Amino acid sequence: MRKSANVTKSKPRQKVSREEATVHLPSPGEGKRGEQGYLGYLLRQAHAAVRLKMERTLADLGVTSPQFAVLTMLNAYPGLSGADVARLTFLTPQTVGVIIRNLERDGAIVMTPHPVHGRIQQWTLTPRGAKLLKACRERVIELEKRLAGGLDAKAETTIRRWLANVATELQED
(Lines give C-alpha, C1' and ligand atoms only; values in the text may rest on other atoms or scores of the structure.)
Protein backbone atom coordinates (compact mmCIF):
# COMPACT_ATOMS: atom_id res chain seq x y z
CA MET A 1 0.00 0.00 0.00
CA ARG A 2 1.46 3.35 -1.01
CA LYS A 3 1.42 6.44 1.13
CA SER A 4 -0.55 9.36 -0.15
CA ALA A 5 1.31 12.38 -1.48
CA ASN A 6 0.34 14.37 1.60
CA VAL A 7 2.05 11.89 3.94
CA THR A 8 5.38 11.83 2.10
CA LYS A 9 5.72 15.55 1.47
CA SER A 10 8.05 17.46 3.74
CA LYS A 11 6.72 20.47 5.51
CA PRO A 12 8.30 23.71 4.37
CA ARG A 13 10.91 25.07 6.76
CA GLN A 14 10.54 28.47 8.22
CA LYS A 15 13.39 30.69 7.23
CA VAL A 16 15.74 31.55 10.09
CA SER A 17 18.35 34.26 9.85
CA ARG A 18 22.00 33.25 10.13
CA GLU A 19 22.32 35.24 13.37
CA GLU A 20 19.38 33.35 14.92
CA ALA A 21 20.81 29.99 13.84
CA THR A 22 24.31 30.65 15.16
CA VAL A 23 25.02 29.42 18.67
CA HIS A 24 27.41 31.59 20.67
CA LEU A 25 30.53 29.60 21.48
CA PRO A 26 32.16 30.87 24.65
CA SER A 27 35.76 31.97 24.47
CA PRO A 28 38.33 30.55 26.88
CA GLY A 29 37.60 32.06 30.26
CA GLU A 30 33.85 32.39 29.63
CA GLY A 31 31.09 30.25 31.11
CA LYS A 32 31.98 26.57 31.34
CA ARG A 33 35.32 27.42 29.68
CA GLY A 34 36.13 29.62 32.67
CA GLU A 35 35.90 29.38 36.44
CA GLN A 36 32.50 27.66 36.18
CA GLY A 37 33.97 24.76 34.19
CA TYR A 38 34.94 21.31 35.34
CA LEU A 39 38.56 21.07 36.45
CA GLY A 40 39.24 18.20 34.04
CA TYR A 41 37.92 20.24 31.12
CA LEU A 42 39.92 23.29 32.19
CA LEU A 43 43.10 21.19 32.41
CA ARG A 44 42.46 19.82 28.92
CA GLN A 45 41.72 23.29 27.56
CA ALA A 46 44.93 24.65 29.06
CA HIS A 47 46.91 21.69 27.73
CA ALA A 48 45.53 22.22 24.23
CA ALA A 49 46.43 25.92 24.32
CA VAL A 50 49.96 25.20 25.57
CA ARG A 51 50.50 22.44 23.03
CA LEU A 52 49.35 24.62 20.12
CA LYS A 53 51.60 27.46 21.25
CA MET A 54 54.52 25.04 21.68
CA GLU A 55 53.93 23.56 18.20
CA ARG A 56 54.06 27.04 16.70
CA THR A 57 57.10 27.99 18.77
CA LEU A 58 59.11 24.93 17.69
CA ALA A 59 57.88 24.67 14.09
CA ASP A 60 60.83 26.40 12.43
CA LEU A 61 63.20 24.05 14.26
CA GLY A 62 61.34 21.12 12.69
CA VAL A 63 60.34 19.76 16.08
CA THR A 64 56.83 18.84 17.21
CA SER A 65 55.59 18.95 20.78
CA PRO A 66 55.69 15.14 21.10
CA GLN A 67 59.24 15.08 19.67
CA PHE A 68 60.25 17.69 22.24
CA ALA A 69 58.77 15.49 24.99
CA VAL A 70 60.72 12.47 23.72
CA LEU A 71 63.98 14.44 23.50
CA THR A 72 63.40 15.83 27.01
CA MET A 73 62.82 12.41 28.53
CA LEU A 74 65.81 10.85 26.76
CA ASN A 75 67.95 13.72 28.01
CA ALA A 76 66.70 13.26 31.58
CA TYR A 77 66.78 9.44 31.50
CA PRO A 78 69.30 8.18 28.92
CA GLY A 79 68.91 4.58 27.83
CA LEU A 80 65.13 4.39 27.92
CA SER A 81 63.34 1.84 25.76
CA GLY A 82 60.63 2.95 23.36
CA ALA A 83 58.00 1.53 25.72
CA ASP A 84 59.44 3.54 28.62
CA VAL A 85 59.41 6.69 26.50
CA ALA A 86 55.77 6.06 25.57
CA ARG A 87 54.78 5.75 29.23
CA LEU A 88 56.66 8.90 30.26
CA THR A 89 55.36 11.04 27.38
CA PHE A 90 51.73 9.82 27.40
CA LEU A 91 52.06 8.77 23.77
CA THR A 92 51.16 5.46 22.20
CA PRO A 93 53.99 3.01 21.50
CA GLN A 94 53.17 3.33 17.79
CA THR A 95 53.53 7.11 17.88
CA VAL A 96 56.79 6.86 19.82
CA GLY A 97 58.05 4.33 17.27
CA VAL A 98 57.49 6.84 14.46
CA ILE A 99 59.05 9.69 16.47
CA ILE A 100 62.09 7.57 17.37
CA ARG A 101 62.61 6.51 13.75
CA ASN A 102 62.43 10.14 12.60
CA LEU A 103 64.77 11.39 15.34
CA GLU A 104 67.21 8.57 14.61
CA ARG A 105 67.07 9.32 10.86
CA ASP A 106 67.83 12.98 11.64
CA GLY A 107 70.80 12.00 13.82
CA ALA A 108 69.27 13.32 17.05
CA ILE A 109 69.22 9.98 18.88
CA VAL A 110 71.05 6.70 18.65
CA MET A 111 70.05 3.15 19.60
CA THR A 112 72.19 0.87 21.68
CA PRO A 113 71.24 -2.71 22.55
CA HIS A 114 70.37 -3.45 26.17
CA PRO A 115 73.36 -5.13 27.89
CA VAL A 116 71.24 -8.04 29.18
CA HIS A 117 68.07 -8.18 27.06
CA GLY A 118 69.22 -8.07 23.45
CA ARG A 119 65.75 -7.40 22.07
CA ILE A 120 65.32 -4.20 24.09
CA GLN A 121 66.57 -1.12 22.29
CA GLN A 122 67.81 1.74 24.43
CA TRP A 123 67.83 5.30 23.13
CA THR A 124 70.13 8.20 23.96
CA LEU A 125 70.64 11.67 22.59
CA THR A 126 73.51 12.34 20.22
CA PRO A 127 75.43 15.64 20.40
CA ARG A 128 73.18 16.81 17.54
CA GLY A 129 70.11 15.85 19.56
CA ALA A 130 71.41 17.64 22.64
CA LYS A 131 72.01 20.78 20.57
CA LEU A 132 68.51 20.57 19.09
CA LEU A 133 66.98 20.07 22.54
CA LYS A 134 68.90 23.08 23.86
CA ALA A 135 67.46 25.29 21.10
CA CYS A 136 63.97 23.95 21.83
CA ARG A 137 64.34 24.42 25.58
CA GLU A 138 65.29 28.07 25.19
CA ARG A 139 61.97 28.67 23.45
CA VAL A 140 59.94 26.50 25.78
CA ILE A 141 61.43 28.25 28.82
CA GLU A 142 60.13 31.55 27.41
CA LEU A 143 56.70 29.97 27.05
CA GLU A 144 56.90 28.68 30.63
CA LYS A 145 57.76 32.18 31.84
CA ARG A 146 54.66 33.43 30.05
CA LEU A 147 52.58 30.67 31.66
CA ALA A 148 53.85 31.63 35.11
CA GLY A 149 53.48 35.35 34.46
CA GLY A 150 51.66 37.01 37.33
CA LEU A 151 52.46 34.19 39.74
CA ASP A 152 54.80 34.64 42.64
CA ALA A 153 57.21 31.81 43.48
CA LYS A 154 54.93 30.42 46.20
CA ALA A 155 51.89 30.29 43.89
CA GLU A 156 53.91 28.63 41.13
CA THR A 157 55.23 26.02 43.57
CA THR A 158 51.69 25.38 44.81
CA ILE A 159 50.38 24.89 41.27
CA ARG A 160 53.28 22.61 40.33
CA ARG A 161 52.71 20.55 43.46
CA TRP A 162 48.95 20.38 42.79
CA LEU A 163 49.45 19.24 39.18
CA ALA A 164 51.96 16.57 40.24
CA ASN A 165 49.58 15.41 42.98
CA VAL A 166 46.70 15.17 40.49
CA ALA A 167 48.79 12.84 38.35
CA THR A 168 49.88 10.81 41.36
CA GLU A 169 46.43 10.53 42.95
CA LEU A 170 44.59 9.64 39.75
CA GLN A 171 47.22 7.21 38.48
CA GLU A 172 45.80 3.75 37.95
CA ASP A 173 47.27 1.08 40.18
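The values are calculated or read from the model by the stated rules, or taken from the named source; none is laboratory data. Just so we're clear, the structure is a prediction, and the values are computed from it rather than from any experiment. Neighbour counts run over all protein chains shown; Cβ positions are idealised from the backbone, glycine included. Note: areas computed on protein heavy atoms with side chains; ligands, DNA, RNA excluded. Shrake-Rupley method; radii C 1.70, N 1.55, O 1.52, S 1.80 Å.
To test your reading of the geometry: what angle, between 0 and 90 degrees and rounded to tens, separates the Cα axis of helix 93-105 from the longest principal axis of the chain?
Its long axis makes an angle of about 50 degrees.
Taking only DSSP H segments of four or more residues, each worth -39500 (n - 2.57), what value at 222 nm results for the chain once the sum is divided by all its residues, to the nearest 500 deg cm²/dmol?
-18000 deg cm²/dmol
In the chain, once you exclude exposed trypsin sites (Lys or Arg not before Pro) (DSSP loop, at most 12 other Cβ within 10 angstrom), what's the longest stretch remaining?
The reported range is 16-118.
Looking only at Pro78, Pro115, Pro93, which one moves most when the chain is put into a Gaussian network model with springs between Cα atoms under 10 Å?
Between Pro78, Pro115, Pro93, it is Pro115 that shows the largest mean-square fluctuation.
Using amide H atoms built in the peptide plane, which far-off residues or other-chain residues are under 5 Å from Ile109 H to H?
Close amide H contacts, sequence-distant or interchain: Glu104, Thr126.
Here are a few candidate values for Rg and Dmax of the Cα atoms in Å: (1) 24.3, 80; (2) 15.9, 51; (3) 18.2, 53. Which one was actually calculated from the structure I just gave you?
Only one option fits the structure, namely (1).
Using the Cβ atoms and a cut-off under 13 Å, what net charge is assigned to the surroundings of Lys131, where Lys and Arg are +1 and Asp and Glu are -1?
Combined, the nearby Lys, Arg, Asp and Glu give +1.
Could you compute the longest span of the chain free of GluC sites (Glu not before Pro) located in DSSP loops and having at most 13 other Cβ atoms within 10 Å, not counting the site residues?
In the chain, the maximal stretch lacking such sites is 36-171.
Give me the net charge for the shell around Ala48: Cβ to Cβ below 14 angstrom, other residues only, Lys and Arg +1, Asp and Glu -1.
+4
Take the chain, mark every one of the chymotrypsin sites (Phe, Trp or Tyr not before Pro) that falls in a DSSP loop and has at most 16 other Cβ within 10 Å, then report the longest stretch left between them, sites excluded.
The longest uninterrupted stretch comes out as 91-173.
Count the lysine pairs in the chain that are 8 or more places apart or on different chains: how many have C-alpha atoms under 30 angstrom apart?
13
Leaving ligands, DNA and RNA out of it, rank Val110, Val23, Val70 by accessible area with a 1.4 Å probe, largest first.
Putting Val110, Val23, Val70 in descending order of accessible area: Val23, Val110, Val70.
How high is the relative contact order of the chain? Use alpha-carbon pairs under 8 Å, at least six apart in sequence, and give a whole percent.
15
Once phi is turned into θ = phi - 60°, what whole-Hz ³J(HN,Hα) does the Karplus curve with 6.51, -1.76 and 1.60 give for every residue of segment 158-168, x standing for Gly and Pro?
Karplus values, whole Hz, x for Gly and Pro: 4, 5, 4, 5, 4, 4, 5, 5, 4, 4, 5.
Calculate one ³J(HN,Hα) per residue across segment 132-141 by plugging θ = phi - 60° into the Karplus curve 6.51 cos²θ - 1.76 cosθ + 1.60, and present them in order as whole Hz with x for glycine and proline.
Karplus-based 3J(HN,Hα) across segment 132-141 equals 5, 4, 4, 5, 5, 4, 4, 6, 5, 4 Hz.
Given a 1.4 Å probe, how much area per residue of the chain is accessible, in Å²?
Per-residue value: 79 Å².
Could you tell me the center-to-center distance, by alpha carbons, between segment 74-144 and segment 33-61 in angstrom?
23
Would you kindly derive the ³J(HN,Hα) couplings of segment 51-59 from the backbone phi angles with the Karplus curve 6.51 cos²θ - 1.76 cosθ + 1.60 (θ = phi - 60°), listing them in order in whole Hz, with x for Gly and Pro?
Computed from phi, the couplings for segment 51-59 are 4, 4, 5, 5, 4, 5, 5, 9, 4 Hz.
Please list, ordered by chain and number, the residues whose modelled amide H lies under 5 Å from the amide H of Gln121; skip anything fewer than 5 residues away on the same chain.
Residues meeting the amide H criterion: Gly82.
Of Asp152, Asp106, Asp84, which is the most mobile in a GNM of the chain whose springs link Cα atoms less than 10 angstrom apart?
Greatest mean-square fluctuation among the candidates belongs to Asp152.
How high is the relative contact order of segment 107-157, in percent, with contacts defined as C-alpha pairs under 8 Å that are six or more residues apart?
Across segment 107-157, relative contact order equals 27 percent.
Ignoring ligands, DNA and RNA, what percent of the accessible area of the chain is carbon or sulfur (1.4 Å)?
56
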